[in-house]
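Here's the structure we're looking at; comments come further down.
The values are calculated or read from the model by the stated rules, or taken from the named source; none is laboratory data. This is a predicted model, so every value here is computed, not measured. Here Cβ is always computed from backbone atoms with ideal geometry, including for glycine, and neighbour counts include all displayed protein chains. Just so you know, the surface numbers come from the protein's heavy atoms only, side chains and all, with ligands and any DNA or RNA stripped out. Shrake-Rupley method; radii C 1.70, N 1.55, O 1.52, S 1.80 Å.
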Amino acid sequence: MRILAIHPSALMYTKVFLRLEPLGLELVAGAARQAGHDVKIIDLQVETHRDYWRMIENFRPHAVCFSGNYLANVPEIVDLCRETRARMPTVFLFVGGHSVSFIARDILELAEGAIDCVLKGEGDATVGRLLDTRQEGGDITTVPGVVTLTGEGPPPIFVPSLDTIRPARDLLRHRRKYFIGTLDPAASIEFARGCPWDCTFCSAWTFYGRSYRTASPAVIADELEAIREPGIFIVDDVAFVHAEHGMAIGEEIKRRGIRKEYYLETRADVLLRNKEVFQFWKELGLSYIFIGMEAVDEEGLKHFRKRVSLDRNFEALEFARSLGLIVAINIIADPSWDRQRFEVIRQWCREIPDIVNISVTTPYPGTEIWHREARRLTTRDYRLFDIQHAVLPTTLPLEEFYEELVKTQQVLNQKHLGWNAIKDTLGLALRLALRGQTNFLTMIWKFNSVFNPKLQLADHRRKPRYEMPMQPEAEDRIDRKALYVHTPAGRRSRAIDDATETFVDESRTAPAE
């Protein structure tokens, strides 16, 4: 079969600070190609709808699949599926990805028959089986993870090994368009999948069933050797949870003499526990480290179930700085914040040397916050679920909330993207531009045109095309088992040693499994 795989358009935040290659879609494409199908990819982050229709016309695919990793992309996906169905009535249309796995039946109903099925869970595990079943005229509801309007298959399954499916990187037509910060261009790579923690705002653990699986160091090094881009974004939800695995990858990279510049994300307590791993990776080329602090007070940390004390968070920041790393921090702005709270955060941001990203508390399907807060939503417009819009009641009038939010985000702009900061990076920007890489240089000027209170407010006033269904009243006690896409398998699903397992359980507040 001829398969066309599509990544939707860029979201608000990715229009400025980063544009990442669609690694998940490349993995699905790789699995489909490995199963014997002819596959092409189009990434609407860097191409247009006109390019999509041109490819549809030229390639004439038998199947079209969309990556639904973000709720804000749902309207675009549904619209394109509807129009594709109108132009090609017999084409097989399906959607997969992280976010749609939690809302499979909702998106099928929105499409009103335009979408044949949603493939829940790890798409690279079963996409080959789905396409083969369709090609042979079989019942697709026998495929694990498949959901249709009339039936549902067995529960989703994992790929047998992270070493067996490799991303089809060669199918992307504009690889030099991907970057993160000054890593321009940058590729993405996966060392591990899953997260053993259970933060209330996150759906990584509910998607993967609190599993944690790793790829072998040799396979990772092979992939790095094949990647042309000098910058590498490690996509793991929490990098180097298992110290031995991180060291083994590093040793293999060092032995082969691979030189790249790396950006990764981790937790403060993991950084402090595995200092020697991060020190070693600094020698290998680690430049950026993103630490999800989420809050700067104990009450906020408790709310998000981040069982890391403020002192430990600040200790982790100091250690990362001592390594000479560029540190980025995420803080979640709660809709309850008033002007004084925003000013406290702004002042704190000015006092530290680190990059601070401000996102907005957003209940996502698959998170505990969703099950507690969904009935309080002030909007059900899918477009606004992008962590940059307030979808819960705000203490301040909404217009003032956005003014304070953007004013706080401006601290980042002034510190790291304004003229004073440009003096430090101008040489780098010019060197990149001389090599034809203008992603970093372009983003410097985009902040005010993207982060604008009036534009955010106007988004609320637009009539929604597609809305989430009304949610039932929240129960006093959340059924945690009902949150999962992949059924948890307990300790045996986590590729970590006993000491690390104990460390994880001690840094959680929920009962151990």
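Is it the case that some residue within region 375-392 is at pLDDT below 90, open to solvent by 60 Å² or more (accessible area, probe 1.4 Å) and within 23 Å of F17 (Cα to Cα)? Within region 375-392, not a single residue is at pLDDT below 90, open to solvent by 60 Å² or more (accessible area, probe 1.4 Å) and within 23 Å of F17 (Cα to Cα).
The set of residues from region 178-211 being touching an Asp or Glu at 6+ places or on another chain (Cβ under 8 Å), within 24 Å of E47 (Cβ to Cβ) and of a type in the set (D, E, K, R) comprises just one member, E190.
With a requirement of 2 or more residues that are modelled with pLDDT of 95 or more, open to solvent by less than 30 Å² (accessible area, probe 1.4 Å) and touching a Gly at 6+ places or on another chain (Cβ under 8 Å), the strands (runs of 3 or more DSSP E) lying completely within region 260-352 that satisfy it span 261-266. What's the total number of residues in region 443-486 that are loosely packed, with under 15 Cβ neighbours inside 10 Å, more than 26 Å from Q388 (Cβ to Cβ), in contact with a helix residue (DSSP H, G or I) (Cβ under 9 Å, 6 or more places away or on another chain) and at pLDDT below 75? Matching residues across region 443-486 total 5. Residues that are under 16 Å from F342 (Cα atoms), touching a residue at least 40 places away in the same chain (Cβ under 8 Å), out of contact with any Asp or Glu (no Cβ under 9 Å at 6 or more places or on another chain) and part of a loop (DSSP other than H, G, I, E, B) within region 361-414 comprise Q388, A390, listed in sequence order.
Of all residues in region 72-90, none that is on the phi > 0 side of the Ramachandran plot has its Cβ atom under 8 Å from the Cβ atom of a residue that is part of a helix (DSSP H, G or I), 6 or more apart or on another chain. Against the conditions (1) under 20 Å from V235 (Cα atoms); (2) surrounded by fewer than 19 Cβ atoms within 10 Å (Cβ to Cβ), H62 satisfies every one except (1).
Just to be sure before I move on: is F94 of a type in the set (F, W, Y), within 23 Å of Q388 (Cβ to Cβ) and either modelled with pLDDT of 95 or more or assigned to a strand (DSSP E or B) (or both) in the structure I sent? Considered against the rule, which asks whether it is of a type in the set (F, W, Y), within 23 Å of Q388 (Cβ to Cβ) and either modelled with pLDDT of 95 or more or assigned to a strand (DSSP E or B) (or both), F94 comes out as no.
In region 487-510, the qualifying residues are those that are β-branched (V, I, T) and surrounded by fewer than 18 Cβ atoms within 10 Å (Cβ to Cβ), and the one that is nearest to G96 (Cα to Cα) is T487. Which one is farthest from A104 (Cα to Cα), of the residues in region 160-170 that are modelled with pLDDT of 95 or more and buried (at least 18 other Cβ atoms within 10 Å of the Cβ)? Among those that are modelled with pLDDT of 95 or more and buried (at least 18 other Cβ atoms within 10 Å of the Cβ), it is R169.
Within region 68-86, the presence of at least one residue that is open to solvent by 20 Å² or more (accessible area, probe 1.4 Å), among the hydrophobic types (A, V, I, L, M, F, W, C) and at pLDDT 95 or above is confirmed.
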